[in-house]
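Enquirer: Sharing a structure, written as structure tokens. Questions coming.
The values are calculated or read from the model by the stated rules, or taken from the named source; none is laboratory data. Model, not experiment: these values are computed from the prediction. Heads up, the Cβs are rebuilt from the backbone with ideal geometry, glycines too, and the neighbour counts pull from every protein chain shown. What goes into the accessible areas is simple: the full protein's heavy atoms, side chains included, and nothing from ligands, DNA or RNA. Shrake-Rupley method; radii C 1.70, N 1.55, O 1.52, S 1.80 Å.
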Amino acid sequence: GAFFAAGGGFGWMDSKGYEVPGGQGQDFNLNWLVHAGIVWRSTSPWVGRFGLYFQHVSNRGMNKVNPGLNTLGPTLGLGRRF
């Protein structure tokens, strides 16, 4: 089967403001994410998952320094049903 999740919210980071070239402009930021992948189920109680996770963090222009941050990476999981 397949799975899909999406969401968003807000958070804080150590932005460094103008001190570091390319740094985020402020500590308060907004983010959104997408996580999708496939699930392997069998007759055994074990379940495997593989997916890709994407996240974007930005201050949405609330500060003149707003380079944004995008991350993309694989996820791998192994679980057991009870």
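Enquirer: In region 1-10, what residues are in a strand (DSSP E or B) and closer than 25 Å to L76 by Cβ?
Expert: Across region 1-10, the qualifying residues are A2, F3, F4, A5, A6, G7, G8, G9.
Enquirer: OK, next. P74 passes all but one of (1) in a strand (DSSP E or B); (2) loosely packed, with under 10 Cβ neighbours inside 10 Å; (3) free of Cβ contacts under 8 Å to residues at least 12 places away in the same chain; which number fails?
Expert: (3)
Enquirer: For the condition at pLDDT below 95 and of a type outside the set (S, T, Y), what is the one hit in F28, F50, F4?
Expert: Exactly one of F28, F50, F4 is at pLDDT below 95 and of a type outside the set (S, T, Y), namely F28.
Enquirer: When G8 is evaluated against the numbered criteria (1) open to solvent by less than 80 Å² (accessible area, probe 1.4 Å); (2) touching a Gly at 6+ places or on another chain (Cβ under 6 Å), which criterion, by number, is the only one it fails?
Expert: (2)
Enquirer: Going through region 16-57 one residue at a time, which ones are in a loop (DSSP other than H, G, I, E, B) and in contact (Cβ under 8 Å) with a residue 40 or more places away in the chain?
Expert: Once the filter is applied, which keeps residues that are in a loop (DSSP other than H, G, I, E, B) and in contact (Cβ under 8 Å) with a residue 40 or more places away in the chain, region 16-57 yields G17, Y18, G22, G23, Q24, G25.
Enquirer: Among the residues of region 57-71, which ones are touching a Leu at 6+ places or on another chain (Cβ under 7 Å) and open to solvent by 40 Å² or more (accessible area, probe 1.4 Å)?
Expert: R60
Enquirer: Follow-up. What do you reckon, is P74 at pLDDT below 95 and of a type outside the set (D, E)?
Expert: no
Enquirer: Restricting to region 16-29, give me the number of residues that are open to solvent by less than 60 Å² (accessible area, probe 1.4 Å) and in contact with a strand residue (DSSP E or B) (Cβ under 8 Å, 6 or more places away or on another chain).
Expert: Here the count works out to 2.
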